[in-house]
Amino acid sequence: MQLQGIHHVAYRCHNAKQTVRFYQQVMGMAFKLAIAEDKVPSTGAPDPYMHVFMDAGNDNVLAFFELPNSPVMDKDPNTPAWVQHIAFKVNKRAELLEYKLRAEQAGLDVIGPVNHGIFQSIYFFDPNGHRLEVAWDCATKTQLNQLNKVAEAMLEEWDQTKQAPNHAAWLHQLETGQDDE
């Protein structure tokens, strides 16, 4: 038995229509479908909701729930805003820069591109306060193999010390200089 992938990932939103329009206009996603109910199918609890599904590409679906009868959305006060995020992949650095421009034209504050050594990213927030990342992979197979070889050792050291292991410190010294074309 093996999983075949992620069916969808669901988050809460303030307003379903506003969320759909944002993901259509800024992220270029197609609106796949909507499901609305007056009660929760899995529990039977009376709680009306709108559930919208966006096409994130390559059979990946990003979904949102608008829950008008629930308390107002809030963030986890114990988790920094940069931790929980949705990261989308692009194939070229030029596409990364196009998404940056689209987000800025929509009036969003954009961080980046940030060079992570093996990928570059931009960051901004959707209208619901969810942090989004758009990332372009620029790693070589050799670099990815090196990271894979030290992954278990890094995890073990972290588990024992709760200090950042130095096995992959070379990442921060990389000058990508690679072109995606």
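Brief remarks on what is shown
- Candidates Gln163, Gln105, Gln143, ranked by Gaussian network fluctuation over the chain, Cα under 10 Å, top entry: Gln163
- Relative to the Cα centre, the charge distribution of the chain, modelled as +1 at Lys and Arg Cβ and -1 at Asp and Glu Cβ, gives a dipole magnitude of about 240 debye.
- Of all DSSP-defined beta bridges confined to the chain, some 70% are antiparallel rather than parallel.
- Listed pairs Lys75/Lys100; Lys17/Lys141; Lys100/Lys149; Lys89/Lys149; Lys32/Lys75 exceeding 31 Å between Cα atoms: Lys17/Lys141; Lys100/Lys149
- Per-residue ellipticity at 222 nm, computed for the chain from helices alone with -39500 (n - 2.57) per DSSP H run of at least four residues, works out to -8000 deg cm²/dmol.
- The range 65-144: antiparallel DSSP beta bridges as a percent of all, rounded to 5: 60
- Degrees, to the nearest 10: 93-105 long Cα axis against longest axis of the chain: 40
- Asn91 paired with Trp170, simple spin-label distance in nm, labels 7 Å along Cα-to-beta-carbon: 2.9
- Taking 0.36 nm per residue of separation and subtracting the Cα-Cα distance, full extension of the segment from Gln2 to Asp74 would add 22.4 nm.
- Per-pair calculated FRET efficiency, R0 = 45 Å: Val150 and Ala106 via Cβ, rounded to 0.05: 0.70
Rule-based calculations on the coordinates, nothing more; no lab input. What you see is a predicted model; the values in this text were computed from it and never measured. In this analysis, Cβ positions are derived from the backbone assuming ideal geometry, glycine residues included, and neighbour counts consider all displayed protein chains.
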